[in-house]
Every structure is written in C-alpha cells, then in structure tokens.
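As structure tokens, the structure follows; a few thoughts come after it.
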Amino acid sequence: MWIDTHCHFDVAEFDPDRDLVAQQAWSAGVQAIAVIAYLAEYWPQLLSVCKSIKQPTLLPVLGLHPCYIAQHQTEHLEQLEVCLQQNQCIAVGEIGLDTYIADIKQPELYQKQQCFFAAQLDLAKQYAKPVVLHVRKAHADVFKILRQHEFNEGGIIHAFSGGIEEAKMYAKLGFKLGIGGSLTYEQAKRLHNVVAAMPIESLVIETDAPDMIPQPYRNPNAHYTRNSPAYLPCIAQALATSKQMTLEQLAPILWQNSCQALHLSLQSNGFI
C-alpha cells in the first residue's frame, strides 16, 4: 500500500484518461493521492476531480505556489481561509519560496513571495493543517520564516533538493522530505547522499505527476513523457534499494510517515 504525497492529478494532461490512470494506480497498490494545487482559479476543478474518483482516495491540498506569485492576489488568501473553514483540504500547499527562477527572485516579487508564504503558514497554523513546501535555493529564508511564525504543524518538503544539513534541519522542525523520480536518476548524486544519510522515518515518496518521470518510464525518443501516480512503486523500489530494504519492509514505514506528515487517520470508510 502506497500514498503518493504529491501529484497534480487535476491538470489537463490527465483529462483524456484520468479514470483509467486512477485504476492503474489503484492496481499498483496506490491507495491515496495528495492532489496539490498551485493557482486559486483551478481550486474548484481540483476539488471536483477529488470528489469524482473513489479509488484511490484523492486528498485535496490547496495553496498558492511561489512560482506563480505574479498571479496571486490578496483575495486568494481570503478564498483559502474559506476553504479551510469548510475543511475542504487536508493541507496547505504547494507553498514556499523560489529563487531558482530569475523573474520571480527580483526584489519586489521575492518580497511578495515571502508575504504570501508567511500568510499561508499563519492560516495553516490557525486551522491546524500541515503544509506542502516548494523550496528552491531559498532554504535559509524558509527556515527563518518557519521559526518567526512558530510553525509546528509539520508537513512535507516537496522534491527536496537541499543538502544533508538542510535535510536534518527540516527533520528537526517536524517535516518529512518528499522523494520522487529524481532518485531513479544516476546523476542525482546529492539526493542519493541525502537519502543515504537520513533515517527512513524522515522520508515520504511522491510522483509530482505529470512531471518528474522516473528513469525506467522515460521515452528517449519523445520530447515529453507524462508521469503517472501508477509509477509510484518504481520510486519506492529505488528508495528500498538505496536503504537496503525490501518493499515489504519499506511499505508500512512510508505509510506511517505519510499519514503523520499529512495528519491523516485511516478509518474503515477511508481517510479523514
């Protein structure tokens, strides 16, 4: 049994065959998929998709992505609070800071990134929700803001790209590290080193579908190959190999890690 802790299953790439992909993921042992938002205008579509599919369980995560900071407005924060008041999402995300993209690290936009990040952290704290963080080349500022706002609900660092010291710091702050298809890339030496150094209790797995496709599913003759939540076991196998564990040993640990990170409880009628 697996939980895909980060997937954009609501996007247009899945419109032609979403039901089929969901069936494939379920058959592969994926019992739940966290469906992660990035723009407020698409939240209704995301919530609709999550309600439309029963297996796997689709878990909505609503937030304002830092890479789209120019499009976010103050009223979107107000809309997020309404969604939280109505308990329409299990977590707040994907939120955070990004200085990897040149355009959005300009002073004015980066200041706006920090303001929206802080505001969303405060909402998550107020409503006792974990967060799903997008952090690229901004770990120091993220640590600073997390501490300033005394955020203690934890969550997941999506597609973790930092070093071992940053990984340990996030773990100390109560976060799990999201490990995706990059672990299947031989050239991802830094990530391999982090995975080797960190205890398995600090890790969760994710696909980031339709992006970040695992190496075995790449089509070398195609410009773009769609990733799928059905490929999550491939990432689990890469992690098991790295940690010198069997899938049978790994599965219950990752299940517990994911439930802890996303504040999930498994009841007889599904996740709550």
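Residues of region 159-199 with backbone nitrogen within less than 19 Å of a virtual label 7 Å along the Cα-to-Cβ line of Thr99, please, listed as ranges. Correct set: 160-167, 169-170.
Potential lengthening of the chain between Gln148 and Leu109 amounts to 12.0 nm, from the contour at 0.36 nm per residue minus the alpha-carbon distance.
How large is the dipole of the chain about the Cα centre if only Lys and Arg carry +1 and Asp and Glu carry -1, each at its Cβ, rounded to the nearest 20 debye? The partial results should precede the final answer.
Details: 19 positive and 26 negative charges, 133 e Å.
Charge dipole, the chain, about its Cα centre: 640 debye, nearest 20.
Look at the dipole of the chain built from charges on Cβ: of Phe116, Leu97, Ala188, the Cα furthest out on the positive end belongs to Ala188. Couplings 3J(HN,Hα) for region 177-182, derived from phi with the Karplus relation 6.51 cos²θ - 1.76 cosθ + 1.60 (θ = phi - 60°), are 9, x, 10, x, x, 4 Hz, where x marks Gly and Pro.
Sort Tyr217, Tyr68 so the one with the fewest other Cβ atoms within 10 Å of its own Cβ comes first. Present the calculation step by step, with values, prior to reporting the outcome.
Values: Tyr217 15, Tyr68 12.
Fewest-to-most Cβ neighbours within 10 Å comes out as Tyr68, Tyr217.
Order of 224-232, 197-205 by packing, highest average Cβ count within 10 Å first? The partial results should precede the final answer.
Numbers: 224-232: 21.8, 197-205: 19.6.
The packing order, highest mean first, is 224-232, 197-205.
When you restrict to C-alpha pairs under 8 Å that are six or more residues apart and normalise by the size of the chain, the relative contact order lands at 20 percent. Projecting the Cα atoms of Ala222, Leu64, Gly162 onto the charge dipole of the chain, computed from C-beta unit charges around the Cα centre, puts Gly162 farthest toward the positive end. The rule of thumb for compact globular proteins, 2.2 N^0.38 Å, goes into the C-alpha radius of gyration of region 2-271 0.94 times. Could you work out the local net charge near Leu146, counting Lys and Arg as +1, Asp and Glu as -1, over the other residues with Cβ closer than 14 Å to its Cβ? Net local charge, Leu146 excluded: -1. For the pair Glu81 and Asp211 in one chain, pulling the backbone fully straight at 0.36 nm per residue adds 43.9 nm over the alpha carbon distance. If you take the charge dipole of region 177-233 about its Cα centre, with +1 on Lys and Arg Cβ and -1 on Asp and Glu Cβ, which of Pro233, Ile213, Gly178 is farthest toward its positive end? Farthest along the dipole direction, towards plus: Ile213. Modelled spin-label separation between Arg226 and Thr74, with each label point placed 7 Å from Cα along the Cα-to-Cβ direction: 4.0 nm.
So which of Lys51/Lys112; Lys129/Lys172; Lys112/Lys243; Lys105/Lys125 end up more than 29 Å apart by C-alpha?
Working: Lys51/Lys112 33 Å; Lys129/Lys172 18 Å; Lys112/Lys243 40 Å; Lys105/Lys125 26 Å.
Check vs 29 Å cut-off fails for Lys51/Lys112; Lys112/Lys243.
Helix content alone sets the calculated 222 nm mean residue ellipticity of the chain: runs of n ≥ 4 DSSP H residues at -39500 (n - 2.57) each, divided across all residues, give -12000 deg cm²/dmol.
Using 0.36 nm per residue and subtracting the Cα-Cα separation, the extra length available between Ser27 and Gln260 on full extension is 81.5 nm.
Bear in mind that the values in this text are calculations on the coordinates, not laboratory data. This structure is a prediction, so every number in the text was calculated from the model and none was measured. Cβ atoms come from the backbone with ideal geometry, glycine included; neighbour counts cover every protein chain shown.
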